1. Residue separation times 0.36 nm, minus the C-alpha to C-alpha distance between K134 and S27: what's the value?
2. K250 to T197: FRET efficiency via 1/(1 + (r/R0)^6), r the Cβ-Cβ distance, R0 25 Å, to the nearest 0.05?
3. With every protein chain in place, what's the accessible area of F447 (1.4 Å probe, Å², nearest 10)?
4. So if R0 is 25 Å, what FRET efficiency would E77 and K47 give, r being the distance between their Cβ atoms, rounded to the nearest 0.05?
5. With each pseudo-label sitting 7 Å past Cα toward Cβ, what's the F351-D387 distance in nm, one decimal?
6. Here are some values of Rg and Dmax of the Cα atoms in Å: (1) 23.8, 79; (2) 27.8, 98; (3) 53.3, 170. Which one was computed from this structure?
7. Output ³J(HN,Hα) for the range 272-289: one whole-Hz value per residue in order, computed from phi by the Karplus curve 6.51 cos²θ - 1.76 cosθ + 1.60 with θ = phi - 60°, and x for Gly and Pro.
8. If you average the alpha carbon positions of the range 34-109 and of the range 394-417, how far apart do those two centres end up, in angstrom?
Amino acid sequence: MSELSNRTQSKLELLPKKLSELHPDISNALVVALVVNKTEPNIFAAKNDTQYRGVMNFTIRDSEQHIINCKVWDRQEKVLHYYETIKLGDIVDVICPKITPYQEKKDIKQASYQPIATLPITLILTEREGFLEKHSYHDLNSYSKIRQLWRLPHKPLHGVLNLADINTSDNNIKTQSYFFDFLVMIGSVKPLREFKTPRDNKLKRCLEMVVFDKSSPGGMLLSIWQRDWIERALEFWKPFHTILHLIDFKVSYSDFYKSCTLSLTRRSLIYENPYGQETQALAQFASTISKADFETVNQIQIEALPKHVCTIMTVRQIYERIQGSLLDDKQQFTAVLYAMITKFNLDLPNFVINKRCKSCHRFMSKEKTACDSEKCLLEFSFGYSGDNHETFFNINLHLSDHTGTLMEAALTDTIASRLLGINTSEFLELKDEQLDKLKWSFLMDYFEAKVLIRKPSISRKKLMILVLDMRAIELDELSKIITVF
């Protein structure tokens, strides 16, 4: 407690208390608790003062039954210090806080900006009253029960809503948002999106993932904008391994995805891999479903792709089966297509080669040299001398026949390497004239292409068409087997 000697509280004898034992008359309480949520600080100019001040909120708990909010009002430097040093999952000492009772008229609006507490009090920390410190790591073993609270939700698992229930009621959700609890498994994690806001040019980050439960195995999109939860998700959460108990998650309708989506807000909480029979049942269900529907192009393994493809189809038939008169409820199908390659931009390396982390295999933008995950950065920091990323082929090509052009076809890394006869390192060493020659050895020639078509879903907004195999074909052979739609 490094600040204690510099505070007036040093004259008081600290009184260890549980959250359930606190009341406004106690001024010298010491609470040891787990941080289960925190908000990003709001910095503002103080009235009648040249200094900037800040406010943020920590949500803490020290038992299975109770959570409480701890609000910090202090100088900008102090608030930012708390924000940077205290992480989700840390055990902290809350020392001499001001304990204020719940005021219905004043605090009812706070439910939109912070998790709903289970006790009718709020802890206040200011420049003059109370402070926060990380709990002594020499004493952590004696607080193993507090650490276990990360997996012991304060709300029952059997009280969650099924994802399918909100999908069937999306007519009401189109006009307003709702907040519900869910128990879901992570199906896939999309690449982290970064962009700058047009108003203030600040960098924003958004992590999207697809989650599912037994009622909705196709999944639903979940969006996270908060920095701390993004960092934790990138470091600890894994598809088909991590189960989340989502509390007070915003449910709204997305015109872009034409479906309901989930969002983490300031009032939301997450418990990771919670203890309970419901968690075990969801894990058992997840083991029985295919991971293929959640995979992106760079995650697909050649061993998982279909081996026997024999149904001959034209371009028009393929599109009709995706969204036309031949539409069915299957998420994927295969076809043999006889067509000419009419686009194959091998002479533009930036468009045919992508990058992924060697450790977690997540997609990386071309300008980055390292993964965003702290776990991956730590893995590559000790005695590692090679690259922490690897390149892979992801080549788009157009296949045209007498009925139309298939524009979404792509060669995955293994297929492209086999077809081109070189790997990505060798490809990048080719000169312009060599790239041009390689391109025209395929362009405007006829091929037999075996393709796997995966229809758009919540985990993939775009249609995915993977070329499983290709071979050149002469016109004489083509004329004997070509079919007319």
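1. So the chain would gain 36.5 nm between K134 and S27.
2. 0.80
3. Probe radius 1.4 Å; accessible area of F447 about 10 Å².
4. On the way: r = 18 Å, r/R0 = 0.74.
Once rounded, the FRET efficiency stands at 0.85.
5. 2.2 nm
6. Answer by label: (2).
7. The phi angles translate into 8, 6, x, 6, x, 5, 5, 5, 4, 5, 5, 5, 5, 5, 4, 6, 9, 9 Hz.
8. Rounded to whole Å, the Cα centres lie 54 Å apart.
The values are calculated or read from the model by the stated rules, or taken from the named source; none is laboratory data. Note that the structure is a prediction, hence the values are computed from the model and not measured. Ideal geometry is used to build each Cβ from the backbone, glycine not excepted, and the neighbour counts take in all protein chains shown. Ligands, DNA and RNA are excluded from the accessible area calculation, which covers all protein heavy atoms including side chains. Shrake-Rupley method; radii C 1.70, N 1.55, O 1.52, S 1.80 Å.
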